[in-house]
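None of the figures in this text is laboratory data; all of them are computed from the coordinates on show. Note that the structure is a prediction, hence the values are computed from the model and not measured.
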Amino acid sequence: MKKLIGLFIFAVIICVGMASYSYAAGDMAAPSSQTVKGDLLKIDGEFYVLKEMSGKEIRLHVDKTSTLEGSINVGEKVEAQATEKNHAVSIRHLQPKQ
């Protein structure tokens, strides 16, 4: 009987430990995004090069999973949502202030 209780307690401890471990891994796997605003300098295959308002150039990877709102052309002001690894989640025209 003591072996059975000991085995049950061990199983409960393992389950609780694995549940908290998998929960923490889920938080770390969620990609965070950043907003980038600037001028579209060039389109080089799957890469869009933007020049931020601060003057910094950023190279964004665009593929089938990226959402492009309308026709995006070189020279336009755009706003992009990108991951930490510079993958474009979405790109849209930046409306000029009136």
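Restricting attention to region 33-93, close to 90% of DSSP beta bridges with both partner residues there are antiparallel. By the rule of a C-alpha distance below 16 Å, with chain neighbours fewer than 8 residues away ignored, the lysines paired with residue 37 are 51, 56, 77, 97.
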